[in-house]
Structure formats: structure tokens, C-alpha cells
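Below: the structure, in C-alpha cells.
No lab work stands behind these numbers, since they all come straight from the coordinates. Remember, it's a predicted structure, so these values are computed and weren't measured experimentally. Cβ coordinates were reconstructed from backbone atoms using ideal geometry, including for glycine residues, and neighbour counts include every protein chain displayed.
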Amino acid sequence: MKPNTRKYLLSLLFLLLLQAGGAYAQQVLQDRAYGGANDVFDLPVGARALAMGGAYVSTADDPFALYWNPAALENVQNMGVGLYYSNLTAGTQYSYLGYAHPTLFLGTFSLGIISLSTPDIDIRDEFDPMKLGSLSYSRNMLLFGYGYKPLNWLAVGAALKVERVSLPGYPDGATGQTGSLTESALGADMGLVFTPGLASPYLKDLTLAVSVQNAIQRSMRAVDERESTPRTFRLGMDKRIGIGDDGSSMTLAFEYDKMKTMPAHTHLGLEYSFQDMFALRTGLYRNHFTIGGGAKLAGVQLDYSYWTGDDSWLSSSHRISLVLNIGKSRELRMAEYQEREARRIEMELAAKRQAERNEAIVSGMSRARVLVGKGDYPGAYSVVSRVLFYDVTGSDPDLEEARQLLQQINTALEEQRKREEAAILAKTEEEMRIRRNNLLIEQHYQKALNAYSLEDYQTAIQECDQALAIDPNSERATDLRRKSDEQLRRKIMQLAERARQLQAQDRGYDAITLYNQARQMAKGIPDIETFLAGQISSIESRLSREDLMRRAAAQEMSQNWAEAASLYREALRYDPNNRSLQERYNEAKARAEARDMEMPENVRELYRLGAQAYAQHKYDEAVRHFEEARKLQPLNKKILKALDSAKENLQRQSSNQGTQNK
């Protein structure tokens, strides 16, 4: 072997040991025992996660969630940056930089980079301690993550991973200098987070999570062979327990990891948080004890862990990470958004109510002045009363004219009442009787007037009728009854028109409901009652006939011909002159009564011609022959079946031709 080649291979072997052994030096032999290799980026990131024993797949709520479980990005409340740096053996550096951007409605976006590098590696001859040169080794991985909550209790996420590695090339035979080789690979992680939101105190604030690291495996060349990163399945859960009313809490976390090439591992974590400002943490990472703490102040979170994991014997066992939170939390931003929306809606509703109020006042006063000019004081009283409904305080300056007009109307009504009363008082006993009757009339009239103002026209008519039963010549009662009757008829016709529109939209049941409401109001009006009853009967008949036809069509699709014929016969009872319906009944009846029978020679010849045309895809000609054969033997089962098949293919053929012409 050439010296330069031997020096290259020794140097490259050293780099590979840094790659797999710098992170899991004690685990490499075990990995090989299972026939696989670890991902160099399996080194955990984030001091908080390490302090909790790596049980972080369901607990992550910071920019480090991009590494642990992309679905947990939806737990991140603030836009923020996560920083983590670790020195490994022989000057190897392992670092992570991540950014998370939570939105209100579009999920959470994240970007991160993990870097593993060893600079200035000395190259020395195996027989000569003199330094011949140096080389460097680096592997970087970009992560693009996204988390989204399609449901309140479910978050999903994925992370695209782009790895780039720089390896030393083969040494130059003449100069002994080495170049470099670069290679890139793509992969992806996926994850889910479940927050059931159960009411039980034992299951409240419980979170379950699943992630698959390297769900899409990266393939990278190692010396002369190509290896793929193994998949790692992570199943985790945590339970948060509130302590007191000051925001303090305790979080218990568990995680189960399984890599295809390695035995399964469990992780346990415990975190006590005091008022979301200070935290103490401990955990168990693959049978190694971890401990740490953290502090959060002014949006800056500093976390520390004492690490006794597989890599601690090669480097410092102290880990520190930093999270810089930017801006307001997602919860606060959502609360502000909802508050803005509530204010906007409230302002729109207030403006709409004010516009409706102004319109009602203007139109009502205009109508009232017209009625007063015509001497229709009851009508004017009703209109002004509805306008004064908006006078909540009783002294609204905008309604001063309405109050004056109401006083004028009351004065006119009072004068009218006094005139009638004076005429009655001018008589003797008859006059006294008339006066007593007038008092009763006045009571009924006032009740009718109040009912009229409330648009209770039926009650107004009843009260007017009682008044007219005492004095058929009462002008006020007669006039008010006529107006009440007109308004009642108009109201009934409005309901009937709305019902007719619903009927035109094929909303028969809704139309029947309105017609019944109108019918209740039309009691005592025979012509309208008869009309409405006819409309209801007509709709009910049509609904029954259409229901029977739909059921019959469904039986036809299932070739239950006897049942279809029975339903069509029942539908004909509602529409006996419907020729199309009669034909469908005849068709179903013929198929229900069809049977196998021998064909005479003339029928057999027509059937043969139809079958021949069918085989040549001349379905229109086949239909014609089968129809002629059917006329001779209407109940021949074989002929009917062939005819149905030919018609079906003819229809399909026509549809295909139409599509092609387009």
C-alpha cells in the first residue's frame, strides 16, 4: 500500500470514528452487533430536553421542536430562535440553530440547521511524527418544518431535511495534498401530537405524541459504500399537573424510542416550573441520570443540563441552550384578534341598528302624517305607537314630533268619543242604555285599537265584532274592523306568497308549514280557507307522487320489477293522466310478469338480427329489432333483458360521442 494512500485511509478512519463515536462512542460496537449504523445527527439538542432525559417528543414547545417532533411546532407560542452548542472530543463541534414562526390560522413554520464539524485535523506519516498537513470534516443539515392543527385535539407535522457532507478526497500522489468530496442527501421526519382534552382529573392536560425520524431515509456514501440513515420511531406522553393558582406546575414525561438497528430505549423526565419563570428538571436517558434547570426573563429562556449520556466521557457533561422569544405569544395575539373582531362586529351591528331606527322613524312619521291628513286616526295611532317604541327614555329629542302627533291623535279620538257620548247623553232611558253600551263599545274598541297597533288583527276583528254586536252603526268599530280585515288578508297573502315561492323551489314541506300558518289566521274567511286547503292538498299529493316515483326508480335500479310496478301504480292514483308515468308502469309491469318462453320462427329471426347488430355495436339497430320481437312476445324475459342491455349501451354510446364532439 502506498504511504499517501495509507495516510488518507487512517485520517478518514479517524473522521468516521468522530462521526459515529464522537456522539455514541460507547454505542458503536453495540450498533454493529445489530448490523446497522446510527445517524450522526441523532445527538439530542436543547438543554431542556437533555435535562428531562430526552423525553421530549410530546413536551417540546420551543424552536427545538423542529428536531424532536415537527407536529409539536404547534405548541410553540412565540416567534423565537433556539441556540444550542456543544464541544465534543478532538475539537469536534456540534451545534443547532432553529427559528419557529407560529401563525394564528396557517400553522407553524420553522427553519433550522444542525452542524457537526472537526477543523484542522493533523495528517502525519505513520513512520514519521512530522506533521504533513491538515484537513477538515463537516456535516450540515438544513431542516424545513411545518406543523398544523386540523382538529382541536390533533396536530400533524413534517420536516424536510437536506444534509450536506464534506469529506477529504484521496491524496495526490505527487504532492501528498488532499482535496475534498461533497455530497448531499434528502430526508424527512413526520409526527403527530394528540391532546384529547378529557375531563377526568387523571387524564386532564394529557398529551400523546408520535414521531418518525428519517421517515424518508437519507442515503450517504461512507468511504466506498452507501449507507442509509435508520428510521427511529418515538412514542411519548406527558401529563401536566397544575400547582396552586400562580401558574406553577409539574410535568411528567415518558418516551419510548425504537430504531430499526438497535434495541428499544425508554426515557423519563420530570420538570417543576415555578410561575413559568424558573424550572428544575431531572430525567433518565437510556439508564443515564440527567439533571438541570432553566430561567425565563423578558422573553429570554436560558436552560442548563448536567449530562451523563453516552457522549459525556468524550467531552464536557454540561449543556446550555438559549431561546430568544420574539413578540407576543400566539394566545395573546389570538385574544387581541378576537377582541378586534368583536369590536368590529359590535360597531357594524350598532350602525345597522341605528340605520334601521332612523329609517323606521322617518317612514313611520311620513305614513302617520298621511293618515292624519285622511282622518284615519286609528291607523295613525298604530303607526305612531310603533315609532315611539324607539323612545326608550320617553324624552328622545328625535321623537318630539312623534310625541306631539300622538297627543294630537289622542285629542282627536277623545273629541270623537265625546261627541258620541254627548249624543247618547241627550236621550232618556234609551240614552242611558246607549251610554252603557257605548262604554262597552269603548272597551272593546280600545282593546281592538291596541291589538291593531300590535298587528294582532284577529283579536282586533274579534273585539270590533263584539263592539258592532252592541252597536252595528259604530263608525269607529266598523272602520277599524275593515282595516284589521284588510291587514289580516294582506298578512295571510304575504304568507301564502312566501309559501308559493318555497313551493317553486321544491321546498314543499316548508311551503306546507307556511300555508298552515296562513290557514290558522284565515279561520272565519271561507274563500281564503278553501284556497289554502287546496294548495296544501295539492302539495301533499305531489310530494306523495314524487316519493312513490323515487322509490319506484330505486326498485328499478335493483331490478325489483314487481315492487317498482306496484309503486308506479300507486303514483298513478295521484296523477292518472300522466302518460310518461303510465308508460313506466307498463314497462315495470311487463318485466315483473316476464318469463322464459319458446320463440316462434319469426320472433327468433328478429331476436337473431338484434343480437347480430348488438355484437357489431349497432345498438340503435339492435333496439329496433328487439322492439319488433317484443311486440310479438311482450312477456318474453330473454327479449326484455336483451332490449334493456341494448338501450343501456346505446345511451352510453351517445354520451361518449357527445363528449368527443365537445
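Odds and ends about this structure:
- Hypothetical label at Leu160: residues of the range 75-96 whose amide nitrogen lies under 11 Å (7 Å Cα-Cβ projection): none
- Taking packing as the residue-averaged number of other Cβ atoms within 10 angstrom, the listed peptides 47-59, 475-487 run from highest to lowest as 47-59, 475-487.
- 21 Å Cα-Cα threshold exceeded, pairs from Lys374/Lys523; Lys296/Lys328; Lys374/Lys483; Lys589/Lys631; Lys618/Lys638; Lys352/Lys483: Lys374/Lys523; Lys352/Lys483
- Inter-probe distance in nm under a simple model that places probes 7 Å from Cα toward Cβ, at Ser200 and Arg435: 8.5
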